[in-house]
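To keep things clear, I will list the structure first and then write my remarks on it.
The values are calculated or read from the model by the stated rules, or taken from the named source; none is laboratory data. Model, not experiment: these values are computed from the prediction. Here the Cβ positions follow ideal geometry from the backbone for every residue, glycine too, while neighbour counts run over all protein chains shown. Accessible surface areas use protein heavy atoms only, side chains included; no ligands, DNA or RNA. Shrake-Rupley method; radii C 1.70, N 1.55, O 1.52, S 1.80 Å.
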Amino acid sequence: MAQQKLTPRELAEELGVSIQTLANWRWTGVGPRYTKLGNGRTSPVRYQRADVDAWLQARENGAAA
């Protein structure tokens, strides 16, 4: 089964941040892994669900309940 791929708009909505914040994270290398579908500046970007989940888990604080 193929992994779910999210657009920046979908991920921004899910995380409660702006699309520009995701772009800034990509630029500075602090956000979740992403795939760029082309070489141009305006090429589409996609995020794999597993990469987003791993990125979020790595940022969890505190002990598990």
- Checked region 11-34 for anything polar (S, T, N, Q) and open to solvent by 60 Å² or more (accessible area, probe 1.4 Å); matches are Gln20, Asn24, Thr28
- Of the conditions (1) surrounded by 11 or more Cβ atoms within 10 Å (Cβ to Cβ); (2) of a type outside the set (A, V, I, L, M); (3) over 12 Å from the mean Cα position of the chain (by Cα), the single one that Lys5 does not satisfy is (3)
